[in-house]
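Note sheet for the following structure.
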Amino acid sequence: NNPPLFDYVPPDVLTQGVESTRGFLRAVALAQETLVLSLTGLNISVLSPSITDVTQLTSLRMDNNRIETLPPALYDMTNLTSLSLQDNKIDHIGTDLLKLTYLNHLNFSDNPLAYSPKEIVAKGLSQLFAYLERIADSEKTNALDLDSLGLTSMPYDVQRMTSLTSVSIANNHLVQLPDMLPLQEMTILNLSSNSLSSLPTDFGKLTKLQDLKLSDNKLAYLPLSMALMTNLTRLDVANNPFESPPDEVVSQGLHQILDYLRSLSYGSSSDDIDLRNQKLTKVPVHAMQFNTMKVLLLDDNDITELPEDIGSLKELKKLSFTSNQVPRLPDSVGKLVRLEELIADNNLLETIPSTVADLRQLRKLSVRNNRISTLPPDIGGLENLTDLDVRDNPLLTALPLELGRLEALSTFWLDVDNITFPQPEVCLEGPRYTLKFLRVLFEATRTGRLDLSSRDFNLQHLSIDEGRFTNLTELNLAHNFFAEFPPFLERFTEMRELSMESNKLEAIPVTIAQLANLRVLDLRGNHLAVLPKEIGVLTDLRRLLVDKNELTTLPAALATLHNLVDLHASENYIASLPPELGDLVSLLDLRLQYNDLQILTREVIHLTSVTRLNVSFNKLRFIPEEIAGMKGLKTLELDSNEVAQLPSALGVLTNITELSLVGNKITELPSEMGELTGLRALRCDVEQFTSPPPEVFAQGVDTLIEYLGRVAEARTSNYLQLGDMGLQALPSVVLHMEALEYLNLDGNNLKGL
């Protein structure tokens, strides 16, 4: 009835061995009596039930560990009077700490505390509790008072409390503000008597603010965005070294300050025309008369239509009409050939005209929060576009492949939740990967070769517009997370190469028979236990790669693959091979390493066309003499088996250039190998060989083959010429040649017989 060990003893302790585990258990057992628990320096990252279940503890010390968060169960230990968590990885101290009402000693030193005010923690327990009590109270009242606490930055707790309506952080030491946009419900904000030198540029987006106090700071400027604070009824900015607005404006009060901020956007005497927030319903005619205009700002109006003659503004570089009610862009926008920025957020746009493709200088296009359902393929012609924002268009569910042509695009914003193509797992990887995905698909429509093998995509499924890929002949989906074949595959009957390497496949669909023209099929690194018999229909197949799966045998249906050249089935659980394998008359490369083979069947070793055979890391005990039938063999790899003797027939395989025997029990090479004059590489455990002697091995493959050749010849001629072979002792093989009539050992290093 004990809990599982891993629930009782933290895994971090268990992995340190017996002594650490024993020490932990002693400490916990002792704490049951003393109510004092010290677990310092045990590398613990979580508090296990074995600790938190001792709810009567009065003292808990866990210094020098790796704890990142405090579990809720800790706060059930309400008898704690002392808590020390020095030198851990704790980022935040929450209001639940207030539950420990008997606490009189607390140590959080040497923790990151990235989300808790360190200056408060450093002042001790009472100051921390006072701070936390204020935070806790504000969660009930939506009003937060952090005045006079010596704060140097805005606490993280404030930013997460999005329902706050009143915030006061006066008489502190704030030098800057973080992003305060989450506090959208705030109506009262007091930041007076701090050291603020600036406000965030988007500060004015706190549009529900009614009462704002900024007095006694170091502000030189008020952000222009404050002109958006239309609900503001009180503004106190006294005792700031303002440069803008100037003092004479500030002295006139709220309305004049806001009017001043709005006036900054005007520039009718220049080429920048700012008509923002003027409640316009259409573009004034006189604005269209400035044909040298470079910037036209029409934001925050009620414009319902852009004039057709807007295309006459040939010098225009920036056009912005956000927050209007424009339902369409006129085709003439394509005549703005110098335009670099087109910003149309928060409108009623349903489409983007194809003429936008003529804006070759366009760098930024933003159509956020509209009713756009499709993007024109012509958008791919915007070769200089670096910034594209299509967020908040709920009807936009698919992106055109042509977006992939935008190689200069560096900032791309979209709402992943609405997009069905590309699929979410692509979009969630970020804009760069989304564009890369589209680029790959677009190129495939031209080349017929689709390669999505990059680990960037993490694909689980794939849906494409099949009509765009009628010429698809190669598909590479390696290194993804497919659990099954994409359903559209069976319709691409002209496909020649398919790779599903390193996915999560557990089965191959019988519909693979539809891919009758397939020449390369790569299924490596999956979870396949069987190959379907339908694979035998792929009679044009040249390469079949099924390494790193869970196969226990190969299907007899492979016998029909008369064009198969490469068959790779390494790293499986294959214990036997079907006799039908011998019908693969075109097979050149057969790789079966890392399996459970105990014998090589007669059918396999009669594959006369095979030039490379790799059966390393199996359980072979012998190589049959019938291997002589593999006349075409050039590379033979037998590493890490249980072979004790090589067949004399090996000498018949005169085409062999590479032979690997490492990790076996072989002590002698048959003299018949002297016929292998083309051998260029021999790998074996030289130290365990008795014949040829080590000094012959040391002279290289050519000398080794010559030695074996001389020994083989002597068996019939009784004439053994071993002169100049570098011998240090009489080879043991000589003592078994009882019929020997002539023995030449001249020019060696013999010291005796």
As a test of reading the structure, rank Lys751, Lys548, Lys208 by solvent-accessible area (1.4 Å probe, protein chains only), most first. Lys751, Lys548, Lys208
Distance from region 326-341 to region 214-228 (C-alpha centre basis), Å: 35
Say the cut-off is 21 Å between C-alpha atoms; which of Lys317/Lys364; Lys318/Lys364; Lys118/Lys218; Lys533/Lys631; Lys294/Lys364 go over it? Lys118/Lys218; Lys533/Lys631
Once you sort the root eigenvalues of the Cα gyration tensor of region 121-205 as a ≥ b ≥ c, which label holds: rounded (a/c under 1.5), prolate (a/b larger than b/c) or oblate (the other case)? oblate
If Lys and Arg each add +1 and Asp and Glu each add -1, what is the summed charge of the other residues whose beta carbon sits under 13 Å from the beta carbon of Ser366? -2
On the accessible surface of region 2-137, probed at 1.4 Å with all protein chains in place, carbon and sulfur together account for a percent value of 51
Computed over region 1-131, the convex hull of the Cα set has an average projected area, in nm², of 7.6
Order of exposure, largest accessible area first, which applies to Ser148, Ser138 with probe 1.4 Å: Ser148, Ser138
Quick check: the angle from helix 125-141's long axis to the longest principal axis of the chain, C-alpha only, nearest 10 degrees? 70
Relative contact order (percent, whole number), the chain, Cα cutoff 8 Å, 6+ residue spacing: 3
With all protein chains in place and a 1.4 Å probe, His105 shows an accessible area in Å² (nearest 10) of 90
To the nearest 20 debye, what charge dipole does the chain have about its Cα centre, counting +1 at the Cβ of each Lys and Arg and -1 at the Cβ of each Asp and Glu? 720
To the nearest 10 square angstrom, how much accessible area does Lys213 have with a 1.4 angstrom probe? 40
Can you find, among Gly632, Asn217, Gly582, the residue farthest towards the positive end of the dipole of the chain? Put +1 on the C-beta of Lys and Arg, -1 on that of Asp and Glu. Asn217
Please find the FRET efficiency linking Thr81 to Asn142, where r is the Cβ-Cβ separation and R0 is fixed at 41 Å, and quote it to the nearest 0.05. 0.75
Tell me the carbon and sulfur percent of the accessible area for region 280-352, rounded to whole percent, probe radius 1.4 Å. 49
Where the accessible area of region 684-753 is counted over protein heavy atoms with a 1.4 Å probe, how much of it, in %, is carbon and sulfur? 48
Looking at the square roots a ≥ b ≥ c of the eigenvalues of the Cα gyration tensor of region 431-562, which shape do they give, rounded for a/c under 1.5, prolate if a/b is larger than b/c, or oblate? oblate
Helix 18-34: angle to the longest alpha-carbon principal axis of the chain, degrees 0 to 90, nearest 10? 40
Summing -39500 (n - 2.57) over the DSSP H runs of n ≥ 4 in the chain and dividing by its residue number, what mean residue ellipticity at 222 nm do you reach, to the nearest 500 deg cm²/dmol? -4000 deg cm²/dmol
What does the C-alpha gyration tensor say about the overall shape of region 331-439? Classify as rounded when a/c is under 1.5, otherwise prolate if a/b is larger than b/c, or oblate. oblate
Options Asn239, Thr55, Val615, ranked by Cα towards positive dipole end of the chain, top entry (Cβ charges): Asn239
Straight-line reach from Lys619: which lysines fall under 21 Å, measuring Cα to Cα and dropping same-chain residues less than 8 apart? Lys548, Lys665
Note the angle between two axes, namely the Cα long axis of helix 701-717 and the longest principal axis of the Cα atoms of the chain, as a number of degrees from 0 to 90, rounded to the nearest 10. 20
Residues of the chain: accessible area per residue at 1.4 Å, in Å²? 46
Can you give me the convex hull volume of the Cα atoms of the chain, divided per residue and expressed in Å³? 272
Cα convex hull of region 583-659, projected area averaged across orientations, nm²: 4.3
How big is the Kirkwood radius of region 550-687, worked out from every pair of different alpha carbons and given in Å to one decimal? 14.9
With a 1.4 Å probe and all protein chains kept in place, how much accessible area does Asp76 have, in Å² rounded to the nearest 10? 90
7 Å from Cα along Cα→Cβ at both Asn43 and Thr493: what's the point-to-point distance in nm? 6.2
If the chain between Thr420 and His527 were fully extended at 0.36 nm per residue, the gain over the current Cα-Cα distance would be 35.7 nm
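The values are calculated or read from the model by the stated rules, or taken from the named source; none is laboratory data. Quick caveat: nothing in here was measured; it's all calculated off a predicted structure. Counting neighbours? That spans all protein chains shown, and the Cβs are built from the backbone with ideal geometry, glycine included. Ligands, DNA and RNA are stripped out before the accessible areas are found, and what is left, the full protein with its side chains, is counted by its heavy atoms. Shrake-Rupley method; radii C 1.70, N 1.55, O 1.52, S 1.80 Å.
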